[in-house]
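Remarks on the structure that follows.
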Amino acid sequence: MSVRHLYCENPACSKVTFAEQVPGLTVRYQRRTPLLQHLVEAVGVVLAGRGGARMLRILNVTLSRCTVLSQLMQMPLPPLVAPRVLGVDGFALYGDTYGTILVDATTRLPLTLWEGRDAEQLSHWLRAHPGVEVACRDGSLTYRQGITAGAPDAVQVSDRFHLWQGLSRRVHYIASADRGCLAAALPPASESDPAPVEETSEDTAGDTRAGRHARRLFDAVHALTRTGRSHSSVARELGLDRRAVRKYARARSWQEVMCRPPRKPSTLDPYLDYLQQRWDEGQHSAKILHEELQTKGYLGHYQCVKMSVAPPRRSLPLDEPRERPPSPREAARWITTHPGRRSPHINDRLPRLLDHCSELRHTHDLVRRFADMVDNRDATPLQGWLDNLSNSGLASRRSRRSPARGSARCRAGDHNPSQHWGQRRPHHRCQAAETPDGRTRRRPAPPSPRRPDRPPPPPLCDRPTVLPR
């Protein structure tokens, strides 16, 4: 293949010479063919820098990771097409700075993002990209205002995450109200526990490290001395001192070797009878006993009292650790966890808890039915589920609003469906205020008067904590 090398005859032209380009094979100012350039870009999109460079090295294309990233950054962005189902959510950039991200809910690809959670900017983007029919959002008042202003015909719904978030929070409230039933999840205490076997002092001493060492040396010394060997030769073979061998050889049992010399007189001796009396009465705290002895004139140290009560303390029965009842959050996690993902610990205690508390059992049944609707993406039984929820009385334990009325507002695009189960509308707790720069910000609303017999609800925010499923 040959190409022409051309010369420009115009003296004012900066390009004196130039080469002829072959369509489909060469590109001006390019060191790679279009096919190879497309391969580098495709690998960069999938594997980015380091991974893309390693993959290209296998394909006999030697490029550095910086070159792969440079080619990736030079690629033009695909044209932005307004999706039919738009997802709007906030995320934390750093500290108290938040941003907004828009996602195509059908392809699950991000469309754009910007710093801040501004309703005006969201509405401007929606006006510039018409065609959004469904908008998935959380319970934020800012996003609700922006979607209403930018796409008034779009239906505002809640996604799976926020649906389950509201459901989990509501289950937590119900478990908190039925806190008295949570102790029923513990297994019943067995009344036929075997009585502890009392160990003698001989067995206790033989089980210690010093007792086993003394028994081993006693057997070794006596086995060698029975053959008629002297103490010196036994000491050399066992690596012991001659006096230690003589002590073991003269002992009739290994317990004699363990016997300690008589204890020296102590300042605590006049108070030993009082300590024994208080110990028999049930006072086993060395600190309290020391304080009582000080009132009787004892001038010794606390450690002496502690060491004197240590031997009888070893004979006390060990208290078995008591299992605490589950907290409301744990009970809510048990109920919202899929049955196939529950541990044996949960499978043992959850049926016992549900048998004891009828409200938690009804809550568990409603949660499982709701989870089936979400997993199967079938909203046909939703109306019957809402009727059962309204008749159970669980929805009115915190809010007086009817769930059926809330569902009608949800279908009209003016309400979050997860708010039936405890996620109240944000504007109930905050009011919108317009700043001089045209932005909408929230300020806390004045507290409304409540009845003294009705406890206040827990604080709410735009991004509540999620209970794990």
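Highest mean first, how do 146-156, 19-29 rank when packing is the count of other Cβ atoms within 10 Å averaged over residues?
Top of the packing list down: 146-156, 19-29.
Can you order the peptides 129-136, 251-258 by their average number of other Cβ atoms within 10 Å per residue, highest first?
Highest mean packing first, the order is 129-136, 251-258.
I need Asp378, Asp118 ordered by Cβ neighbour count within 10 Å, fewest first.
Ranked by crowding around the Cβ, least crowded first: Asp378, Asp118.
In whole Hz, with x marking every Gly and Pro, tabulate ³J(HN,Hα) for the range 325-335 from phi via Karplus 6.51 cos²θ - 1.76 cosθ + 1.60, θ = phi - 60°.
Karplus values, whole Hz, x for Gly and Pro: x, x, 6, x, 5, 5, 4, 5, 5, 4, 6.
Work out, in µm²/s and without decimals, the Stokes-Einstein translational diffusion coefficient of the range 264-311 at 4 °C, 1.567 mPa s, Rh from Kirkwood over C-alpha pairs.
D, rounded to a whole number, is 121 µm²/s.
Could you tell me what percent of the DSSP beta bridges with both partners in the range 85-157 are antiparallel, to the nearest 5?
So the antiparallel bridges amount to about 70 percent of the total.
Using Cβ counts within 10 Å as a stand-in for footprinting exposure, how do Leu268, Leu353 rank, fewest first?
Leu268, Leu353
In what sequence do Asp138, Asp269 fall when counting other Cβ within 10 Å, fewest first?
Placing the least packed residue first, the sequence is Asp269, Asp138.
Which whole-Hz couplings ³J(HN,Hα) result when phi for each residue of the range 279-289 is put into the Karplus expression 6.51 cos²θ - 1.76 cosθ + 1.60, θ = phi - 60°, listed in order with x for Gly and Pro?
Per residue, the Karplus-derived 3J(HN,Hα) values read 5, 5, 6, x, 8, 10, 8, 5, 5, 5, 5 Hz.
Along each of its three principal axes, how wide is the spread of alpha-carbon positions in the range 287-363, in whole angstrom units, largest first?
Result, largest extent first: 66, 23, 18 Å.
P(r) of the range 211-259 in 5 Å steps, Cα pairs, percent per bin?
The calculated distribution, bin by bin, is 4, 25, 38, 23, 9, 1.
Rounding to the nearest 20 debye, state how big the charge dipole of the range 85-157 is about its Cα centre with +1 on each Lys and Arg Cβ and -1 on each Asp and Glu Cβ.
So the dipole magnitude of the range 85-157 works out to roughly 100 debye.
Convert each backbone phi in the range 241-258 into a coupling constant with the Karplus relation 6.51 cos²θ - 1.76 cosθ + 1.60 (shift: θ = phi - 60°), then list the ³J(HN,Hα) values in order as whole Hz, x for Gly and Pro.
Result, rounded to whole Hz: 6, 5, 5, 5, 5, 5, 5, 6, 6, 7, 6, 8, 8, 6, 5, 5, 5, 6.
Can you pull the three principal axis extents for the Cα set of the range 85-157, in Å, largest first?
Its Cα atoms span 35, 25, 22 Å along the three principal axes.
Computed from the coordinates by the stated procedures, all read-outs in this text should not be read as laboratory data. Predicted, not measured: the structure shown is a model, and the values here were computed from it. Methodologically, a virtual Cβ is constructed for each residue, glycine included, from the backbone with ideal geometry; neighbour enumeration extends over all protein chains shown.
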